[in-house]
Each structure stands twice: as structure tokens, then as C-alpha cells.
Amino acid sequence: MSIAWGSLLVVCAVALAVGVAVVALVAFALVGLSARVAEPAGGPNDGAPPAMSPAAGTAIAVICLVAVAAIVAYGLYVIVA
Amino acid sequence: MDVTLIVVVVVATALIFDFTNGFHDTANAMATSIATGALSPRTAVTIAGILNLVGAFLSVQVALTISSGLVDEAQINPIVIFAGLVGAILWNLLTWLLGLPSSSSHALFGGLIGATSVAAGAGAVNFGKVLTAVVIPAVISPVLAGVVALVATFLAYRITARADKGTVSRGFKLGQIVSASMVALAHGTNDAQKTMGVITLTLITAGALPRGSAPPFWVILSAGLAIALGTYIGGWRIIRTLGKRVSEIQTPQGFAAETSATAVILASSHLGFALSTTQVATGAIFGAGAGRRLASVQWGVAGRMAIAWILTLPAAAAVGAASALLASTGTIGTIVVALVAIAMGAGIYAASRRRPVTAGNVNEVPAPAAPVTSAA
């Protein structure tokens, strides 16, 4: 009986890094996309302009989503290969 | 018993197992998407079914081993496979009735271990391998998936705390559709393979195929169709448990849970660790529940699942052993096993009709905080 503890550790590290990275990237992308929406009327920051310019927000969102797409594509490659 | 007849019986039984595997595991990919409303119940099971079928054709590396070395495969004959499958099917049906997500792989392994010990003695079972290939991954993988989902959920809420609520909710809903599809696809490549392996090995032992052959096209097609159909039928009881009874799941949590499950499944299968999709997905949902608010998780449900997980292998082994004992007495014995199995399956189905869970009421849980009723 032998357990490849090394590989097991790699699995844990990779899964943690990739799982958290994808969710964080999507979350940042959504923060970026939120810059395209004005603060809702009647909210705590009623009518205030977004903290980020819509263009900057969109750019951040695109970068994050491209990174996520790359990771998903690699995931698909792992499934197929 | 006539060789060709027993082969037909085994192939049919294997496809039935594949079907139960499918509807048992719809919840892995789709429970949280259905619970958060990212996908309507019918759409969710349709996508999952199609992706399972696609997955069955995608994978090119077919393991020509049905037990991953847990039992001495030289000792396996069609009767043993039949008895093992009966054990696995009955356990899958029982846990489905109770709405518990248990591992179909463990049920299959258990059934085969039980049947092999009766047919060839306990010496034919590799208990060291049982520890390394079943017990240790079963302990580590749900915890790992849970931790990943917990961290991811916590970050998702922190990062988006001040973002536009509508954008966040829509964004994670879209994300969930992708992440749930990845889980379904990964499931198809893994689990449909198991049944193909069983059928192919049966055909080889019966001399219908040369040793070492790959599964014929009709085997791939029928196994893919059986698991896809099972997935499409939807194990609504288990979907309700995972989607609604573990915790009140919101879209960021659903996305975090499915992404974490995918990451764990792909990382481990890439490095050659076999693990249970069910246990990973379940662990991830608990982690996602805890990542938002620790107290919102129904830990009593976790306890019931843990008990079901521990029992899966021994219980399926016991049924497999009893079936092997009876089936090895000859044709009559095999027929008796088949009839008893059909009767028990019908009984479990009849019991499920008394309080049916369907696509229409899957998201309706009587009282959120009520203690989970024991149907046992």
C-alpha cells in the first residue's frame, strides 16, 4: 500500500488555487461591470457616480473574463484529453 | 447457465446500474443551479443529460478495469459482475428514496467486493487498495472541495459587497450555467466509462471480444444513453436535499460550489486519483453554505450523509455477497436474484410515490429550519 502524498498535496494546492482564482476573477469582473450601472436611486449613495469609470470597469471585466475563459478552456482540454 | 444468456442479463443489469447512476448524480451538477433559479428544473436536467451523453463519447482513455484493482479481476466472472451490480443498484435506489447523495462508484465497488469474496474468497479482495483508492479519497475529497468552496464563497461576497446587486446576481447566474455544465461533462466522461468497462469486461470474459479490446460502438452508445436518460429523469429527491436542505444557497454560492467541485475533480483525475463526483459536489455545497454564514448550514443533514457514505460500500457488499451466494447455485438461483431485485426495486419506487418529489415541487421544502424527517 502506498499513497502518493506528494501528488495528493499537488491536487489540493491546484484545486484550491484554481477554484478560488476563477471565482475571484468572476467576482472582480462583476465589480467592473457594476461600474456601468449608476447607483440606484434611494440607495445609500443615491445617484452618486460609480467609483470607477465605466470604461475602466469594462476593461477590468474583459481582462478577468478572458482569464476565466482560458482556465475553462484548459479544463475542457483536461476533460477531453 | 447458458453463457450468452448470462451475458445478456449482465449487459442489461449494467445498463440499469448506469441509469440509476445517472439519476442519482444529476444533483451533483445541477442541484444548486436549480435551487438558485439559474436554470429551470427541466432545462437543468436536459443540459445535464446531453452533456453526460457527450461526455461518454469524449473520453478516449477507457480504463479496461471495472474495479480499479480492488479485486483480483482474474477471479471475476459474469455471475460475480451480475451480483455486484445488483448490490450497487439496490443501494443506489435506497439512498435515492431517502434523498441522500451517496457515491455510485462506491456502491459498484462494494457490490463487486462482496460478490468476489463469496465467489473467490476474501483473498481475492485487495484490502490495501480499498484503503488507498476508496477510504482515503472519500475522507479527503469532500473536505478539500468544502474548503475551496468556503474560501471562494467568502471572497465572492467580500469582493462584490459594494458592487451593483443586479449585475452580481445576473453575472453569477450566467457563471453557474457554465460551471454546472462543466461538472455534468466531467461526470459523463467518468461515470459512463464505468459501465462501459463492466460491459466490455463481461464480453471479454465470455469470449465475445478479444482480450484488451476497446468498448465497441454499441456499448459506448448504450452506456451513454442510459446515463443520459437517468440524468434527464432527474433524481429530484437528491436535488432537493443538496439544493435546499443543506443551506439556503444563493447564486454566488452556487457558482463557487460548482467551480470548486470542477477544480477538485479535474485536478485529481488529471493526476490519476479516482474520486467520487458525488462526495466532491456535496462537500463543495456545504463549504459554499458555510462561506456565507456558518450557522446557516444544516449540519444534521451532513451527519446523515456521512452515515450513508460510510455504509455505502459495506451495504452494497452485503447485498452483492448474498446475490453471489444465491446466483452461484445455478440458473434458478440467478433468476431468483433477478426477481428479488426487481421486486425490491419496484417496492422502493412504490414507496417513493407516496411522497413524490418532481420538477414541479423540487424547490419547495416544507419548513426551512425544520429537522429533516427520517424516512427510514
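Rg/Rh for the stretch B:123-202: what does it come to with C-alpha atoms and Rh from Kirkwood? Write out the running numbers ahead of the final one.
Working: Rg = 19.4 Å, Rh = 16.4 Å.
Radius of gyration over Kirkwood radius for the stretch B:123-202 works out to 1.18.
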message = Charges on Cβ only, +1 for Lys and Arg, -1 for Asp and Glu, centred on the Cα centroid of the stretch B:3-354; of B:Ala138, B:Ala35, B:Ser352, which one is farthest towards the dipole's positive end?
response = B:Ala35
task = Evaluate the charge dipole of the protein assembly as shown about its Cα centre and quote only its size in Debye, nearest 20, assuming +1 on the Cβ of each Lys and Arg and -1 on the Cβ of each Asp and Glu.
result = 820 debye
request  = Give me D for the stretch B:72-188 in µm² s⁻¹, whole number, from Stokes-Einstein with Rh from the Kirkwood sum over alpha-carbon pairs, 10 °C and 1.306 mPa s.
outcome  = 90 µm²/s
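Just from its helices, what would the mean residue ellipticity at 222 nm be for the protein assembly as shown, if runs of 4 or more DSSP H residues each count -39500 (n - 2.57) and the sum is divided by every residue, rounded to the nearest 500 deg cm²/dmol? Provide the component values of the computation, followed by the final result.
On the way: 15 runs with 326 residues, N = 457.
My calculation for the protein assembly as shown gives -25000 deg cm²/dmol from helical runs alone.
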key: Per-residue HN-Hα couplings for the stretch B:35-47 [Karplus 6.51, -1.76, 1.60; θ = phi - 60°; Hz; x = Gly/Pro]   = 5, 8, x, 4, 9, 6, x, 5, 4, 4, 6, 5, 4
message = Roughly how far apart, in whole Å, are the Cα centres of the stretch B:295-354 and the stretch B:69-137?
response = 12 Å
request  = Starting at the first residue of the stretch B:214-230, write each ³J(HN,Hα) from the Karplus equation 6.51 cos²θ - 1.76 cosθ + 1.60 with θ = phi - 60°, in whole Hz, x for Gly and Pro.
outcome  = 7, x, x, 4, 5, 5, 4, 5, 5, 5, x, 5, 5, 6, 5, 5, x
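How big, on average over all directions, is the shadow cast by the Cα convex hull of the stretch B:245-376, in nm²?
On the way: hull surface 43.9 nm².
Reported value for the Cα convex hull: 11.0 nm².
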note = Diffing the stretch B:5-12: the Karplus 3J(HN,Hα) column from phi (6.51, -1.76, 1.60, θ = phi - 60°), in whole Hz with x for Gly and Pro, holds 5, 5, 5, 4, 4, 5, 4, 4
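Convert 25 °C to kelvin, take the viscosity as 0.890 mPa s, use the Kirkwood radius over C-alpha pairs of the stretch B:155-276 as Rh, and evaluate the Stokes-Einstein diffusion coefficient in µm²/s, rounded to a whole number.
In µm²/s, the coefficient rounds to 143.
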key: Furthest towards positive pole of dipole, B:Gln298, B:His270, B:Ala288, structure part the stretch B:200-307, Cβ charges   = B:Gln298
ask   = Given +1 on the Cβ of Lys and Arg, -1 on the Cβ of Asp and Glu, and no further charges, what dipole in debye does the stretch B:3-354 carry about its Cα centre, rounded to the nearest 20?
value = 1120 debye
message = Place a point 7 Å from Cα of B:Ser40 in the direction of its Cβ. Which residues in the stretch B:176-205 have their backbone N less than 20 Å from it?
response = B:176-178, B:180-181
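In Å² (nearest 100), what accessible area is buried between B and A, both sides summed, heavy protein atoms only, 1.4 Å probe? Don't skip to the end; give the middle numbers.
Details: alone 15600 and 5970 Å², together 18530 Å².
The B and A chains share an interface burying roughly 3000 Å².
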query = Using a simple charge model, +1 on the beta-carbon of Lys and Arg, -1 on the beta-carbon of Asp and Glu, nothing else, what dipole does the stretch B:217-343 show about its Cα centre, in debye to the nearest 20?
reply = 380 debye
task = Calculate, axis by axis, the spread of Cα positions in chain B along the three principal axes, and write the results as whole Å, longest axis first.
result = 69, 42, 36
key: Centre separation in Å (Cα based) which lies between the stretch B:146-189 and the stretch A:3-17   = 23 Å
task = Normalise the Debye intensity by I(0) for the stretch B:184-236, one equal point scatterer per Cα, no solvent, then take log10 at q = 0.18, 0.19, 0.25, 0.28 Å⁻¹ and round to two decimals.
result = -0.59, -0.64, -0.93, -1.06
inquiry  = Of A:Ala59, B:Thr160, B:Val10, which is farthest towards the positive pole of the protein assembly as shown's charge dipole, taken about the Cα centre with +1 and -1 on the beta-carbons of Lys, Arg and Asp, Glu respectively?
reply    = B:Thr160
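Please quote Rg/Rh for the protein assembly as shown to two decimal places, taking the Kirkwood radius as Rh and restricting both calculations to Cα atoms. Walk me through the numbers on the way to the answer.
Working: Rg = 22.8 Å, Rh = 22.5 Å.
So for the protein assembly as shown, dividing Rg by the Kirkwood Rh gives 1.01.
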inquiry  = Taking amide H atoms as placed 1.01 Å from N in the peptide plane, list the residues 5 or more away in sequence, or in a different chain, whose amide H sits under 5 Å from that of B:Val71.
reply    = B:Asn126
query = Of A:Cys12, A:Cys64, which has the most accessible area with a 1.4 Å probe, and how do the rest follow in descending order?
reply = A:Cys12, A:Cys64
query = Hey, rough spin-label estimate for B:Leu5 and B:Ala351, points 7 angstrom out along Cα→Cβ, what's it come to in nanometres?
reply = 3.2 nm
note = Cross-link reach from B:Lys244 to lysines, straight Cα distance under 18 Å and at least 8 residues apart if same chain, gives B:Lys173
ask   = Stretch A:Arg36-A:Ser7 to full length: gain in nm at 0.36 nm per residue minus the Cα-Cα span?
value = 6.1 nm
ask   = Over the heavy atoms of A:Tyr74, what accessible area does a 1.4 Å probe trace out, to the nearest 10 Å²?
value = 120 Å²
request  = For B:His270 paired with B:Ile335, estimate the spin-label separation in nm (one decimal), with each label point 7 Å from Cα along the Cα-to-Cβ line.
outcome  = 5.4 nm
note = Ordered by number, the residues of the stretch B:250-297 with at least 20 Å² less accessible area in the assembly than alone (1.4 Å probe) are B:Phe255, B:Thr259, B:Ala263, B:Leu266, B:Ala267, B:His270, B:Leu271, B:Phe273
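The values are calculated or read from the model by the stated rules, or taken from the named source; none is laboratory data. Just so we're clear, the structure is a prediction, and the values are computed from it rather than from any experiment. Backbone-built Cβ (ideal geometry, glycine too); neighbour counts: all protein chains shown. What goes into the accessible areas is simple: the full protein's heavy atoms, side chains included, and nothing from ligands, DNA or RNA. Shrake-Rupley method; radii C 1.70, N 1.55, O 1.52, S 1.80 Å.
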